[in-house]
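Scroll down for the structure; my scribbles are underneath it.
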Amino acid sequence: MVNPIEISTQRLLLRPWRSSDLEPFAQLNADPEVMSYFPDTLSREQSDDLAQRCQQLIQQRGWGFWAVEHKSSDTFIGFLGLHVPSADLPFSPCVEIGWRLAKTHWGSGYATEGGRAALQVAFDQLNLEEVVSFTAVANRRSRRVMERLGMGDSAENFEHPAIPPGHHLRQHCLYRITHAAWQVAQI
Ligand SMILES: CC(C)(COP(=O)(O)OP(=O)(O)OC[C@H]1O[C@@H](n2cnc3c(N)ncnc32)[C@H](O)[C@@H]1OP(=O)(O)O)[C@@H](O)C(=O)NCCC(=O)NCCS
């Protein structure tokens with residue numbers, strides 16, 4: 001067990017999970033629009049399991065997929081953070097940055113704001129060499145967040161092993177940002 005990192009930005013708090021997050025998390029995981037680039041929506045049980053796994057990893061490592069709280073309204077709006085993918089991917093081992101926000105909180109720049117802060121922790125605090133991000137090729141919204149964060153499309157598209165062959169979401173794109181590129185972009 002280590003001290004969990006918390007990240008405060010202008011509008012957001014990226015923090016460990018609380019039991020009060022479970023209900024709004026289950027709602028966003030049950031929303032077909034939020035989950036449109038995943039094979040399916042999640043049941044309440046699957047959603048609770050995911051939150052528990054995120055929290056366990058934060059307790060073990062100090063970092064992970066944090067719960068995102070909108071500070072001025074004290075509202076849980078989703079998750080965002082850093083994760084070591086459990087799937088065996090063509091570019092493993094790696095640390096990914098990822099996000100999932102409730103639909104009502106899209107279009108306000110929260111993913112980009114939280115993503116910048118998470119990359120800062122990845123490079124300045126954890127001293128990672130590189131952070132990757134990947135998503136279904138058609139997920140333009142998520143790809144735009146990656147691009148706004150200064151990540152580059154590696155053109156190394158791959159078939160996600162957790163999605164069945166022939167499924168329209170199996171083809172994924174991969175974005176990368178190195179520590180050196182991040183530092184240059186901060187100047
Ligand atoms: C991917 C996801 C997090 C992107 O959310 P988003 O709100 O589009 O992204 P941002 O938070 O960066 O917000 C950017 C938008 O906010 C707008 N915006 C409004 N106020 C802003 C501000 N103060 N600062 C920055 N952007 C602002 C931008 O113009 C942009 O709008 P646009 O998309 O119409 O161009 C969201 O769509 C989501 O949770 N999707 C479901 C889960 C998912 O697919 N995750 C990725 C799987 S790998």
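Values quoted throughout were computed directly from the atomic coordinates according to the rules given, and no laboratory measurement underlies them. Model, not experiment: these values are computed from the prediction. Using ideal geometry, Cβ is built from the backbone for each residue, glycine included, and neighbour counts are taken over all protein chains shown.
Rounded to the nearest 20 debye, the dipole size of the range 7-186 about its Cα centre is 420 debye, using +1 on the Cβ of Lys and Arg and -1 on the Cβ of Asp and Glu. Under 5 Å between amide hydrogens, built in the peptide plane, is the criterion, and for THR75 it picks out HIS70 among residues at least 5 positions away or on other chains. Expressed in Å, the radius of gyration and Dmax of the Cα atoms of the range 7-186 are 15.5, 44. Close amide H pairs (under 5 Å, H built 1.01 Å from N) link THR9 with LEU14, residues at least 5 positions away or on another chain.
The dipole here belongs to the range 1-100: it is taken about the Cα centre, uses +1 on the Cβ of Lys and Arg and -1 on the Cβ of Asp and Glu, and is about 380 debye. For the range 102-187, the set of GluC sites (Glu not before Pro) satisfying both a DSSP loop assignment and a count of at most 15 other C-beta atoms within 10 Å is given as GLU129, GLU156.
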